[in-house]
Amino acid sequence: MNDSEKKIAIIIGAGPAGLTAALELLRRTNIKPIVLEADDCVGGISRTVNHHGNRIDIGGHRFFSKSEWVMNWWQKILPSQNVAPTDSDKVMLVRGRLSRIYYLRSFFDYPIKLSANTIGNLGLIRMVKIGLSYLSAMAFPRKSENTLEDFLINRFGKELFLTFFKDYTEKVWGVPCDQISAEWGAQRIKGLSIKAALKHALGKMFIKNSAKQAENTSLIEQFLYPKFGPGQMWEEVAQQVTKLGGEIRFQHKAHGVRIENGQIKSIRVLDTTNGSESEIPCEIAFSTMPVRDLVQAIGNVAPEDVRAIANDLPYRDFITVGLLVSKMKKNAQSQSIASNNMPPDNWIYIQESDVKVGRLQIFNNWSPWMVHDPQKVWMGLEYFCNEGDTLWNLSDDEMKRLGTSEMAQIGMIDPQDIEDSIVIRVPKAYPAYFGAYSQFETVRKYLNSISNLYLIGRNGMHRYNNQDHSMLTAKVAVDNIVGGVTDKSNIWAVNIDDEYHEEKSGK
């Protein structure tokens, strides 16, 4: 069958969901995917930025999934170091996971452990309060878990919530925890609690490979990681897509959707390199673009209430400040034995309320090949903001100065040791669970009613997916197409942290 006889699937977005859908269509059907990517590279938020030979992972991406299908899929693209040649560049490294909380100018284990370090850092009085409030929460839980605050207090007690969750969460989302839906907790940290942490700690005494046995993804202690960052995975997938006959059109922005009789007939596309427009007919459409933008592209064909809700859907935006330093300041708790005083963490949650930075990545610890000179420390400071607010509108130089001053303020670096820096802004990085989100079901029902449209991925579903969740939504959508299934509810069933739906079937 030549290309002119094949059905066309338009896939909006070349992130994990879009590229997974494209490759699965090519492997399993005679449908030709045309991927429209507004940027000049693949990967979406899972891309890797190369700055003077120093690579940045935007947000931090552990390659681990409870889905055997996802794990096998990744390793068919980039094999793990256990089976790949030792000198291969196309390899997934096996990495140890270490994330800690920085609070009261001290490091705390994450997840929080009942250890001498924790007791010493918090002090006896705080520990007694935490213990009593936890027992109170267990005895008298909040009956209705409507908000994230309800969700967290029921699992950790009010005192621990106030100590380690409230300030950081509100720094991330920019709104109080009692205004965020409990659904966020159900998707991101369901199953993680004091009980789960204690059970995991006890299990480590008897189970050597806790990475395979961990009951919750937040407790995983090993993961795979591409040698040159997450973008390497999606660059390899993109090459396979084009090799098998698919197309990826960079700097092509979908900005119009033509619908007739409940089906998408074509997508209007803007080539941002020259300003030209075109219209591409299609039989199937996958969207990973923000729901707000998709509904705007559909226009007045969409009901008025759908357009109003979609237009008000909230997002949280993201700025990374990359700092290259010759060395970090020595901290008694850093556990570092390196001459540059680099701590061993993948990332550090900055709980301190006197700075705006939310999280600190140490890219050296993700992969040594992320850093041009391994004697230097290459770090990423993560700031959460809203597009157009004061923080977002700071110039690059102002953001660099802010990052430098805050790292010095909390005792991480001396400004004189900085050798290079970069600022990266990511709009709509996190679909948010407050405001108009409470009415999202109206939008979802309408978009699902468009028979040949499949919403997949994080922004495509306005759901805070990990990349494996995003891939699974693409897989299930292709399953439905192959099997002639019209009900899309199984796509929305993906993203349950404790158990993926396909695990029961052994797939």
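Here are the numbers:
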{"item": "Magnitude of the charge dipole, the chain, Cβ model with Lys/Arg +1 and Asp/Glu -1, debye to 20", "result": "1420 debye"}
{"item": "Cα-Cα over 22 Å, subset of 7/475; 158/428; 32/66", "result": "158/428; 32/66"}
{"item": "Three-way shape call for the range 62-156 based on the alpha-carbon gyration tensor, with the a/c threshold at 1.5", "result": "oblate"}
{"item": "Accessible surface of the chain, 1.4 Å probe, proportion on carbon and sulfur as whole %", "result": "50 percent"}
{"item": "Rounded, prolate or oblate (a/c below 1.5 giving rounded, otherwise prolate when a/b exceeds b/c) for the range 77-118 by Cα gyration tensor", "result": "prolate"}
{"item": "Compactness index (Cα Rg / 2.2 N^0.38 Å), the range 1-118", "result": "1.47"}
{"item": "Charge dipole of the range 343-424 about the Cα centre (unit charges at C-beta), most positive-ward option of 364, 350, 402", "result": "364"}
{"item": "Globularity ratio of the chain, using Cα Rg and 2.2 N^0.38 Å", "result": "0.98"}
{"item": "Positive-end residue of 392, 174, 274, charge dipole of the chain with Cβ unit charges", "result": "174"}
{"item": "The range 287-382: C-alpha gyration tensor shape, a/c 1.5 cut-off, then a/b vs b/c", "result": "prolate"}
{"item": "Per residue solvent-accessible surface (Å²) - the chain, probe of 1.4 Å", "result": "43 Å²"}
{"item": "Heavy atoms of residue 87 accessible to a 1.4 Å probe, total area in Å² rounded to 10", "result": "130 Å²"}
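The values are calculated or read from the model by the stated rules, or taken from the named source; none is laboratory data. Everything numeric here is computed off the predicted structure, so don't read it as measured data. All Cβ positions, glycine included, derive from the backbone under ideal geometry; neighbour counts span all protein chains shown. The accessibility values were calculated without ligands, DNA or RNA, using every heavy atom of the protein model including side chains. Shrake-Rupley method; radii C 1.70, N 1.55, O 1.52, S 1.80 Å.
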